[in-house]
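The values are calculated or read from the model by the stated rules, or taken from the named source; none is laboratory data. Bear in mind the structure is a predicted one, so any value in this text is a computation, not a measurement. With ideal geometry, Cβ positions are generated from the backbone for all residues, glycine too; neighbour counts draw on all protein chains shown. In case anyone asks, the SASA skips ligands and DNA or RNA and just uses the protein heavy atoms, side chains included. Shrake-Rupley method; radii C 1.70, N 1.55, O 1.52, S 1.80 Å.
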Amino acid sequence: DTNRSSTDVLAKGDADFITLFLSTAIKAKANGMPVVNLAQLSQRSALIFIAKKDKGITKLEDLNGKRIGLWKSDFHDIPLAFIKKHDLKVNIIPISGGINLFLWDGVDALALMWYNEYHTIQSSGIDENELTSFFISDYGLNVPEDGIYCQEKLWTENPDLCRRFITASLDGWKYAFKNQDSTLQIVSKIMKDAHQPFNMAHQSWMLKKIKELSMPSSEKGSLGVLKQTDYYTAADILKENGAIKEIPRYEDFYHNITGSSDVK
């Protein structure tokens with residue numbers, strides 16, 4: 001069932017491990033779900049607002065009075081915080097997903113992911129120099145996204161399984177980043193066997209950008225680590241904007257099993 005959320009799948013015991021956005025996981029934890037972070041894959045936010053320059057949007061304040069497309073999911077927590085922080089007076093248009101409304105000028109700006117939809121828009125015929133981009137991470141809201149999670153019970157009862165799963169996952173990403181051509185060939189075969197569309201140029205873009213987000217050059221060795229500063233940045237934003245009432249303790253939320261001590 002593709003309509004089920006990852007948190008629902010984990011809560012029902014239909015999966016042992018899931019990936020979640022950090023903001024989504026903190027909300028789940030604050031609301032009583034015994035979820036724990038075992039590895040933080042993303043180290044930098046991939047979230048950006050994009051707009052067409054021909055709409056007169058070249059700087060942040062030009063968003064005032066414009067129609068802003070936000071996907072209807074937990075994805076919208078940080079974009080809403082961005083809008084509130086900068087006191088933008090915008091007309092928010094909830095959309096189910098995708099970029100079509102932006103392409104058809106149904107919205108003036110759209111919140112999306114740098115490693116995915118941003119490239120899709122360029123592939124649709126809009127050049128980068130025709131776009132104005134506002135990277136959330138440049139505006140004091142650097143909340144990294146994807147991490148690997150499990151139930152606290154699994155971690156408590158079978159920590160060795162958790163460690164082996166995370167080690168294998170991180171080793172897989174390290175291999176993918178070092179061997180991008182062979183990785184893309186593997187993904188191509190899997191997708192074709194599953195009768196799913198495969199675009200080599202787009203998949204190549206995504207792999208390169210995921211590497212930049214997961215292994216920033218300034219933070220070598222941090223793959224898989226959830227830093228305290230990133231955690232509390234995300235949690236403070238959620239609390240300030242009413243998404244959670246209390247901030248779960250970092251020590252209750254994250255179990256550092258990567259071997260790295262760089263968690264500040």
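Annotations
One line per residue, one yes/no per condition, for (1) more than 29 Å from residue 203 (Cβ to Cβ); (2) outside any strand (DSSP E or B); (3) open to solvent by 30 Å² or more (accessible area, probe 1.4 Å):
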| site | (1), (2), (3) |
| --- | --- |
| 68 | no, no, no |
| 81 | yes, yes, no |
| 87 | yes, yes, yes |
| 102 | no, yes, no |
| 112 | no, no, no |
| 121 | no, yes, no |
| 134 | no, no, no |
| 156 | yes, yes, yes |
| 170 | no, yes, no |
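- Residues in region 229-264 that are in a loop (DSSP other than H, G, I, E, B), of a type outside the set (Lys, Arg), modelled with pLDDT of 95 or more and open to solvent by 60 Å² or more (accessible area, probe 1.4 Å): 246 alone.
- Selection status of residue 106, open to solvent by less than 70 Å² (accessible area, probe 1.4 Å) and part of a loop (DSSP other than H, G, I, E, B): yes
- Candidate set: region 89-100, residues that are farther than 25 Å from residue 208 by Cα and hydrophobic (A, V, I, L, M, F, W, C); chosen: the one most open to solvent (accessible area, probe 1.4 Å): 92
- Every pair of residues 6+ apart whose Cβ atoms lie under 6 Å, when the first sits in region 36-57 and is more than 21 Å from residue 166 (Cβ to Cβ) while the second is among the small types (Gly, Ala, Ser): 45/137; 48/133; 49/109; 49/111; 50/133; 51/109; 57/51
- All positions within region 26-42 that are of a type outside the set (D, E, K, R), out of contact with any helix residue (DSSP H, G or I) (no Cβ under 6 Å at 6 or more places or on another chain) and either modelled with pLDDT under 95 or open to solvent by 10 Å² or more (accessible area, probe 1.4 Å) (or both): 30, 31, 32, 33
- The set of residues from region 133-173 being over 22 Å from residue 230 (Cβ atoms), without any contact (Cβ under 8 Å) to a residue 40 or more places away in the chain and of a type outside the set (A, V, I, L, M) comprises 156, 157, 158, 160, 164, 171, 172.
- So residue 115, is it within 20 Å of residue 43 (Cβ to Cβ) and within 15 Å of the chain's Cα centre (by Cα): yes
- The sole residue among 141, 226 that is farther than 30 Å from residue 58 by Cβ, buried (at least 18 other Cβ atoms within 10 Å of the Cβ) and hydrophobic (A, V, I, L, M, F, W, C) is 226.
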